[in-house]
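Student: Here it is, the structure, as structure tokens.
The values are calculated or read from the model by the stated rules, or taken from the named source; none is laboratory data. Just so we're clear, the structure is a prediction, and the values are computed from it rather than from any experiment. Every residue, glycine as well, gets a Cβ built from its backbone with ideal geometry; the counts of neighbours run over all protein chains shown.
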Amino acid sequence: MTTQTASTNQEPLKAKDFATDQDVRWCPGCGDYSILKQVQTVMAEIGLDKDNTAVISGIGCSSRFPYYMDTYGMHSIHGRAPAFASGLRMANRDLSIWLVTGDGDGFSIGGNHMLHILRRNVNINLLLFNNQIYGLTKGQYSPTSELNKRTKSTPMGSIDRPVNPCAFAIGSNATFIARAMDRDTKHLKTILHRADQHHGTSFTEIYQNCNIFNDGAFFAFTDKATKPLTTVFLEHGQPLVFGTERNKGVVFNGMRPKVVDLGSGEYSENDLWIHDETDIFKATMLTRFFDDPSEESALPRPFGVLYAVDEPCYEDMMFEQLDQAIEEKGDGDLDDLIAGPRTWVI
Amino acid sequence: MKTDVKTRKAVTIKFAGDSGDGMQLSGGLFTSSTALTGSDLATFPDFPAEIRAPAGTIAGVSGFQIHFGSQKIFTPGDTFDVLVAMNAAALKTNIDTLREGGTIIANTDGFDKKNLRLAKYENGANPLDDGSLAGYQLLELPVTKMTRETLTDSPLGLKEKDRCKNMFVLGFLFWRYSRSLQDTIEFLTGKFSKKPDVLEANIKVLQAGYNFGDTTETFTSRYEIKAAPLEKGTYRGIMGSEAIVLGLITASKKSGLPLFYGSYPITPASEILHGLSRHKNYGVKTFQAEDEIAAICSSIGAAYGGHLAITGTSGPGLALKGEALGLAMILELPLVVINIQRGGPSTGLPTKTEQSDLLQAMYGRNGECPIPVISASTPADAFEAIFEACRIAIQHMTPVVFMSDGFISNGSEPWKFPKSSEIPDITVQFAPPKENGDTYLPYARDERLVRKWAVPGTKGLAHRIGGLEKEAETGNVSYDPANHEYMTKIREAKVEGIAEFIPEQAIEIGPEEGDLLILGWGSSYGVIQSVVTTLLSEGHSVAHAQLRYIRPFPKNLGNLLKGFKQVLIPEMNTGQLASIIRNKFLLDVKQYNKIQGTPIATSELLHAAKELL
């Protein structure tokens, strides 16, 4: 999402200026704290005007977010934040609008709205806090939980297959798809900046640890020891390199991606997949890098901007049509409208 | 042979044919021609539920009814005097509603073997010649044949030629009712300006139908209906759904707020979405949402953003919007939810009319959730009523449920429309920007208990709103028990307080006190007017009162009801308003109820009223 920035004659705001006086009530150690801090920092860095910023959320742990942001905000109803945010955007093109949702809010009860905001490309920053669990209702499996997850509602293990959020986004014709994690704050900030610069719906999936009900869900990706082996950080125009010594890469083996060892002499960086965030085919494949990291041949999980293209956004086209209608028919006259085309006198 | 011209006070005609026979267009054109003669009128279409049911079948019959006369016309008519039957199925579907001795104008070409079989006439018996229509006056017109003959020289294909046959019937009716063809020719000229062959064919067939009446000696009677004693002024025809569109745009202009309409297609409310989307040059933003829930939620988002936000639906959609409606109520944002009622429950009778969502509108939400309810009574009344719904929403910072039904939305009547300068402005109170950096109190209230509308983008007013219970004034989340009770009562008192800002309940016709009051809401207006007019002329002490404001009720309603020995409430439901009135005023009101997907007939209500007198 692109945004307007604050007028320059004021003292620049700091991250803490975006915090409210309300006590933050997430559980101690929750990954949400880190995300809150980074969002406040990025808003200050962008130079947003608090009075021209709105944070809209649904229901769930992550959806408490607006109460902690000293901007305009709405804590709406379960799953529907995309619809509220879209309506607000259609009413006001100048606001910076941030939408905060979770895996249950965004992909279970609100799955329909997620599909439609993405395909419409409404100019909004959509942050999906994915912790693969229902936290606020105290620990049931979520639509992103892995198969066979044992929770209070699934004592013998869950039997529904998980949704892949980035693949869903690409299937919905999203124009910006990124992935970040709560524990890599520097990278998260970079991605939030990129998301904000995108004109249209920016979809950012953030892996977030729920230390109470699903602790360690993403440790394979976030832990220092395993992170280099399980993740690949994408950069536009750069090869897909990862590994402790940056000694691994991804190549195309025919039509399929394959992990190769750069140390053996068989492959060099020149042979690798070069990331092109504007390439829908490559991006589609990247969303399918979704293996269980514990598997031997697992592809690394991609972080960064998987896909970003410029497409017209919904409200711009809506306003264009309004202008066009006035150009073609003239500014509507109320008396003409009320009288209609056929009248008679008695 | 000279035809004599007979004068009639009122006539009801039903145009009936196959969905593809152009009955809605014929009916519409006959209506505008009728309006120009100065007659009063009321119309109602009767669509099949299927979009394209097989041609010639009972399920495919489409109808249009018009009641017009030289006196005040209140309803489209219980029965009709004339039935235009374009095929056998149209006759079979409608014959029971034709009055005894009425006239059938039948297209004999629509009664061939195939049509008779599709209409399921036993053993292919043709009602036109088996004597079963002996009690009626039967006018047989070989419409299809004559249409084709008229167009022998036309370059059109046979299918296109046959599409003109509704014009033959229309032309014949114009002859029968002593009308000029001018208005219809003007309309056709506009409609087919880019298709000169089609235009020429339609006009030729229209004239042929007229001339057929003029030159065929079989038809010796013509009729004339004089102008009705309508108030002087400039009129237009108006359908209920159209009146809502105009009322909404008027409210937008008079409040200075851009209009946002979020909706999901649903019969019979889609007409409003279509209507508004044609008026983008009035700054109207329409949003076809992905579902009913997104429709109301996007509207709430737009309301938060400072727009006049509306969502429209029918009963099943209102059920889906319930949770979000509760949010709009607790947020205290202006919003109008339009409910064009249809037969329920569940999918029910989508193309039929009913008034069975009143209790849903009043109570169909979780928690203590008071919301004003406003109702339209006639197609033209919908203009003022929707304007009032917008005024109350904006000035009292509350969602409002606006009730109409299929009968009002699809019905039409002449409307002496106002000049825009005669319509009052709607003043809006936005919270002004703050420069001093003090904490803003989003839920501080004025003497009417109304909070101010603080729109994102306003300097110094950044604040959070949400569905959790709020602390008074600050709006911060609060689980305090006493605060919850206080806020519940404040929200209730705010809505009840609207009674101070609406007109007192008036009697439509009849005495202020007497033996019987017939109390109506919604589309029963016409039938009650008709019945009370009759009873008054017979010397009974009867009056009619019609509710526009159902929540809150006008302040004087209780006293007004107590001025009558009996109160009768006719409704197209099992007695929903009656139960609200009983509950509120502890009055033993009587009910008349009909739940058949069709409006209450004058004869039915007259009978029910007379039993109480």
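Student: Test of understanding: among B:317, B:326, which residue is in contact with a helix residue (DSSP H, G or I) (Cβ under 8 Å, 6 or more places away or on another chain) and not hydroxyl-bearing (Ser, Thr, Tyr)?
Tutor: On inspection, the qualifying residue turns out to be B:317.
Student: Look at region B:571-597 and say how many of its residues are of a type in the set (Val, Ile, Thr) and either buried (at least 18 other Cβ atoms within 10 Å of the Cβ) or touching a Pro at 6+ places or on another chain (Cβ under 7 Å) (or both).
Tutor: 3
Student: Look through region B:465-491, keep the residues that are more than 7 Å from chain A (Cβ to nearest Cβ) and polar (S, T, N, Q), and return whichever of them is nearest to residue B:325 (Cα to Cα).
Tutor: Top of the filtered list is B:488.
Student: Right, something else. Could you check region A:196-252 and list, in sequence order, the residues that are of a type in the set (Gly, Ala, Ser) and closer than 17 Å to residue A:130 by Cα?
Tutor: A:202, A:216, A:217, A:220
Student: Also: State whether the residues of region B:435-456 include one that is farther than 23 Å from residue A:75 by Cα, assigned to a helix (DSSP H, G or I) and touching a residue at least 12 places away in the same chain (Cβ under 8 Å).
Tutor: no
Student: Could I ask something else about it? Hey, among the residues in region A:141-156 that are under 23 Å from the mean Cα position of the chain (by Cα) and crowded, with 16+ Cβ neighbours inside 10 Å, which one's nearest to the other protein chains (Cβ to nearest Cβ)?
Tutor: Selected residue: A:143.
Student: Looking at (1) surrounded by fewer than 20 Cβ atoms within 10 Å (Cβ to Cβ); (2) facing chain A (nearest Cβ under 7 Å), find the lone condition where residue B:211 falls short.
Tutor: Result: residue B:211 fails condition (2) only.
Student: Okay, next question. Restricting attention to region B:304-328, report how many residues are under 27 Å from residue A:55 (Cα atoms) and either surrounded by fewer than 24 Cβ atoms within 10 Å (Cβ to Cβ) or within 14 Å of chain A (Cβ to nearest Cβ) (or both).
Tutor: 17
Residue-wise test of (1) aliphatic (A, V, I, L, M); (2) surrounded by fewer than 19 Cβ atoms within 10 Å (Cβ to Cβ); (3) under 30 Å from residue B:287 (Cα atoms).
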site	(1), (2), (3)
A:247	no, yes, no
A:252	no, yes, no
A:274	yes, yes, no
A:280	yes, yes, yes
A:309	yes, yes, yes
A:320	no, yes, yes
A:326	yes, yes, yes
A:335	no, yes, yes
A:340	no, yes, yes
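Student: Looking only at region B:446-464, which residues are more than 10 Å from every other protein chain (Cβ to nearest Cβ) and surrounded by 17 or more Cβ atoms within 10 Å (Cβ to Cβ)?
Tutor: Selection gives B:449, B:450, B:451, B:452, B:453.
Student: Now a separate question. Test of understanding: among B:539, B:558, which residue is part of a loop (DSSP other than H, G, I, E, B), without any contact (Cβ under 8 Å) to a residue 40 or more places away in the chain and farther than 24 Å from residue B:345 by Cα?
Tutor: B:539
Student: Quick check on region B:217-238. Is at least one of its residues in a helix (DSSP H, G or I), within 11 Å of chain A (Cβ to nearest Cβ) and farther than 30 Å from residue B:152 by Cβ?
Tutor: For region B:217-238, residues in a helix (DSSP H, G or I), within 11 Å of chain A (Cβ to nearest Cβ) and farther than 30 Å from residue B:152 by Cβ: absent.
Yes or no, residue by residue, for (1) in contact with a Phe, Trp or Tyr (Cβ under 9 Å, 6 or more places away or on another chain); (2) touching a residue at least 60 places away in the same chain (Cβ under 8 Å):
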residue	(1), (2)
A:283	yes, yes
A:292	no, yes
A:297	no, no
A:301	yes, yes
A:319	no, yes
A:329	no, no
A:332	yes, no
A:341	no, no
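Student: Here's something else I'd like to know. Sort through A:20, A:71 and tell me the only one that's closer than 23 Å to residue B:440 by Cα, facing chain B (nearest Cβ under 8 Å) and either among the small types (Gly, Ala, Ser) or surrounded by fewer than 24 Cβ atoms within 10 Å (Cβ to Cβ) (or both).
Tutor: The match here is A:20.
Student: Show me the helices (runs of 4 or more DSSP H) found entirely inside region A:32-126 where at least 2 residues are farther than 28 Å from residue A:141 by Cα and over 17 Å from the mean Cα position of the chain (by Cα).
Tutor: A:32-46, A:81-91
Student: Answer with yes or no whether residue A:64 is over 28 Å from residue B:295 (Cα atoms) and at pLDDT 95 or above.
Tutor: Answer is no for this residue.
Student: Here's another thing I want to ask about it. Residue A:104 fails exactly one of the following numbered conditions: (1) surrounded by fewer than 24 Cβ atoms within 10 Å (Cβ to Cβ); (2) more than 9 Å from chain B (Cβ to nearest Cβ); (3) touching a Pro at 6+ places or on another chain (Cβ under 8 Å). What is the number of that condition?
Tutor: Status for residue A:104: all satisfied but (1).
Student: Can you tell me which residues in region A:300-339 are among the charged types (D, E, K, R), assigned to a helix (DSSP H, G or I) and more than 7 Å from chain B (Cβ to nearest Cβ)?
Tutor: Passing the criteria: A:315, A:316, A:320, A:323, A:327, A:328, A:336.
Student: For the condition part of a loop (DSSP other than H, G, I, E, B), at pLDDT 95 or above and surrounded by fewer than 22 Cβ atoms within 10 Å (Cβ to Cβ), what is the one hit in B:266, B:203?
Tutor: Step by step, each of B:266, B:203 is checked, and only B:266 is part of a loop (DSSP other than H, G, I, E, B), at pLDDT 95 or above and surrounded by fewer than 22 Cβ atoms within 10 Å (Cβ to Cβ).
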